[in-house]
Every structure is written in structure tokens, then in C-alpha cells.
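The values are calculated or read from the model by the stated rules, or taken from the named source; none is laboratory data. Computed from a prediction, not measured in an experiment: that's the story for all the values here. Here Cβ is always computed from backbone atoms with ideal geometry, including for glycine, and neighbour counts include all displayed protein chains.
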């Protein structure tokens with residue numbers, strides 16, 4: 001059927017309200033409900049929503065707002081301090097996860113190029129799940145939250161390099177000129193953000209802070225504007241949004257902006273999880289079901305163990321190391337972007353694409369359950385674990 005954007009929104013949000021109610025009554029996590037709704041209504045389910053292009057593009061805004069709000073909660077000095085500790089852990093763990101993906105892909109008969117891309121997709125953990133299940137008021141200003149953010153940011157930088165390799169159309173070969181340009185652009189963009197906030201934005205906020213609508217509009221414009229500027233400069237919009245947030249973190253109005261934008265963030269994140277479920281082709285699942293189960297199980301086991309060992313070597317407590325390990329025990333939305341780029345470049349076949357998508361969904365679901373039922377989070381079904 002041909003559906004309008006309005007009809008799609010009616011189905012998505014009315015359906016999400018209904019299935020979320022059922023999920024809460026049955027004590028299930030809401031993220032699972034949104035993904036299930038996408039699979040049910042999408043082109044491979046009932047086929048009520050078939051045009052996912054616009055919905056998927058809009059859902060990406062949720063990730064951008066998520067990183068912006070995260071930046072608002074981070075003090076620059078604390079961030080640089082934690083990045084020093086996270087770098088070694090992030091590099092070693094990413095290499096281990098890539099090797100795991102490559103070997104399992106090889107075991108199930110995928111090509112060398114496909115195995116490389118499967119390995120790439122396994123390196124990263126989900127920013128959305130990791131941060132959305134992290135209590136804002138409890139952990140963002142504590143060492144656990146800061147360390148998680150450092151690891152996720154480092155993974156974002158690695159992901160950018162991987163995407164540059166894929167965009168070049170030749171896995172294993174990177175365009176050094178583009179890479180050098182990116183490495184130069186990052187500090188320049190950060191400097192621009194700092195100066196613009198100090199000499200323009202803060203003065204505007206101070207002069208017109210009585211007009212809440214204007215502050216709301218200014219925050220959105222700054223977030224999306226710097227995200228777009230980052231993308232034009234060869235970085236990702238997510239990094240641009242994070243820089244936009246952290247450049248405002250020392251402002252006395254930062255927390256007001258964060259609270260104001262949370263409903264807008266959640267609106268777009270519902271679209272993200274819906275589109276994730278809707279894009280999954282169930283018809284091809286049987287061909288890669290065993291491989292996806294083995295790969296997902298390996299990731300769900302190896303990631304917590306790796307972070308527990310590496311963080312323990314950095315003198316972190318066992319409780320904190322296990323906490324972070326399980327929160328980062330899935331693959332990432334970047335993995336799905338890698339699938340999209342690699343498929344368009346004809347670097348992987350449909351089976352390898354479905355394998356990575358199935359692994360993403362399985363690890364998203366299982367790791368969400370693990371965190372929701374065992375660690376403090378905003379959507380816990382147990383009142384003792386629920387932290388906003």
C-alpha cells in the first residue's frame with residue numbers, strides 16, 4: 001500500500017503506545033517493544049509501512065540529540081582525563097572484537113572481504129543502548145558514566161576510519177589525504193565551537209534567557225548546525241553534536257537545555273528502533289540463523305569478559321568493570337551503517353548483510369534484558385533498579 005508520512009506516524013506512534021502498554025504490563029523493556037513493532041508493521045511483516053527512507057533518516061536525528069545531551073552532561077576536563085585511560089582499553093578491545101568477527105565469518109564460509117567487514121561491525125558498542133540505559137542523574141557525573149563515554153567516543157573515531165575505508169571502495173586501503181584532513185579538522189572544529197559559544201552563544205543566552213522558546217530554538221540550531229558542519233568537514237554528525245553539547249557544558253543553563261530536549265530526543269529514538277525492526281528481512285534469516293546465533297553469543301560473552309579484564313588491569317573495581325562490560329556488550333548502530341555502505345559498494349552479499357543485522361538485533365535485545373534486569377537504569381521493571 002502507499003502510505004503518507006502522516007499515516008506512517010499514526011501507525012508508528014499509536015502502535016508504539018499500544019505495544020509499550022503491553023510491554024509494561026508484562027514487565028518487558030520498551031526497546032524490545034519498539035523493535036518488535038517495526039518487524040510487525042514493516043515491509044517484511046504486515047507491510048503496512050513500506051517506505052522507510054524518510055523514517056530512517058529522521059530517526060538518525062535521535063542519535064544526534066542523544067550525543068548532544070550527553071555532551072551537556074560532560075565537563076571537558078573530566079572528558080580529557082578519562083579519554084587517556086579509555087584509549088588503550090578501546091584499541092585493544094576493538095582489535096579483539098574484530099578478530100572474533102573475522103574468525104566466525106571464516107568458520108561459516110564467508111569471503112575474506114566479507115569477513116573483514118563482519119569484523120569491523122563487531123568492534124563497536126551501541127551508543128543508544130549504552131547511554132539510554134545509563135541513569136542520567138546517577139551515573140553521568142560519576143566515573144562509570146565518564147569512562148563509558150570515553151570508550152564510546154573512541155569507538156566513534158575508529159568507526160569513522162572504517163567508514164572512510166569503505167567509502168574508498170577498497171577494504172584494506174585508506175585515502176591518507178582524507179584521513180589527514182579529518183585528523184586536522186577535529187581540533188579545528190572543537191576550537192571553533194569553543195570560541196563561538198564563548199563570544200556569541202553565551203552572550204545571546206545571557207541577554208534573552210527570559211524567552212524559553214528562544215533558548216530551546218537556539219539549542220536545537222546549535223546542535224544540528226554543528227552536526228552538519230562536522231559532516232561537511234569529514235567527521236560524523238554525532239561527533240559534531242557531542243562537541244556542540246560539551247562546548248555548552250559549563251554554561252549555567254546547560255541542565256535546562258538538557259531537560260527541555262529530552263522529549264524531542266525520545267521522539268526520534270522511537271523512530272530509530274522502529275526502523276531497525278522494520279528493515280530486517282525475515283525471509284533470509286534461515287540462511288544465516290546458526291551463524292548469527294553463534295556470532296551474537298560470542299559477542300555477548302567476549303565483550304563483558306574483555307572489558308572486565310582490561311578495566312581490571314587499569315585498577316578499576318570488579319563491580320564497575322562488569323557493569324561497563326555488560327552495558328557495552330552488544331554491537332552498534334554504526335554496525336548497521338557499515339552494512340549499508342558495504343552493501344552499496346558491493347563489498348558484501350545479502351547473506352553477510354543479514355548476518356550482521358541479525359547479530360545486531362539479537363545483541364541489542366539480549367544485552368538490554370541483561371542491563372534492565374540487573375543494573376540501575378531508567379526503564380527497569382524492578383523499582384529497586386529504576387534510576388532516572
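Here are a few things to note about the model shown:
- The listed residue being over 21 Å from the mean Cα position of the chain (by Cα), in a helix (DSSP H, G or I) and touching a residue at least 40 places away in the same chain (Cβ under 8 Å), out of 311, 336: 311
- Counting only residues that are more than 12 Å from residue 73 (Cβ to Cβ), in a loop (DSSP other than H, G, I, E, B) and either modelled with pLDDT of 80 or more or within 15 Å of the chain's Cα centre (by Cα) (or both), segment 234-250 holds 1 of them.
- Any hit, segment 81-96, residues being at pLDDT 80 or above and under 19 Å from residue 378 (Cβ atoms): no
- Filtered by the rule that a residue be under 16 Å from the mean Cα position of the chain (by Cα), part of a loop (DSSP other than H, G, I, E, B) and at pLDDT 90 or above, segment 103-140 gives 123, 124, 125.
- Test result for residue 294, within 21 Å of the chain's Cα centre (by Cα) and in contact (Cβ under 8 Å) with a residue 40 or more places away in the chain: no
- Unique residue being crowded, with 20+ Cβ neighbours inside 10 Å and part of a helix (DSSP H, G or I) when the list is 302, 293, 259, 270: 270
- Cβ pairs under 6 Å, 6+ apart, first in segment 155-172 and closer than 21 Å to residue 96 by Cβ, second modelled with pLDDT of 60 or more and not in a helix (DSSP H, G or I): 155/124; 159/124; 160/236
- Condition met for residue 228 (part of a helix (DSSP H, G or I), in contact with a helix residue (DSSP H, G or I) (Cβ under 8 Å, 6 or more places away or on another chain), closer than 24 Å to residue 57 by Cβ and at pLDDT below 80): no
- Positions within segment 49-78 being in contact with a helix residue (DSSP H, G or I) (Cβ under 7 Å, 6 or more places away or on another chain), more than 22 Å from residue 262 (Cα to Cα) and at pLDDT below 75, in sequence order: 78
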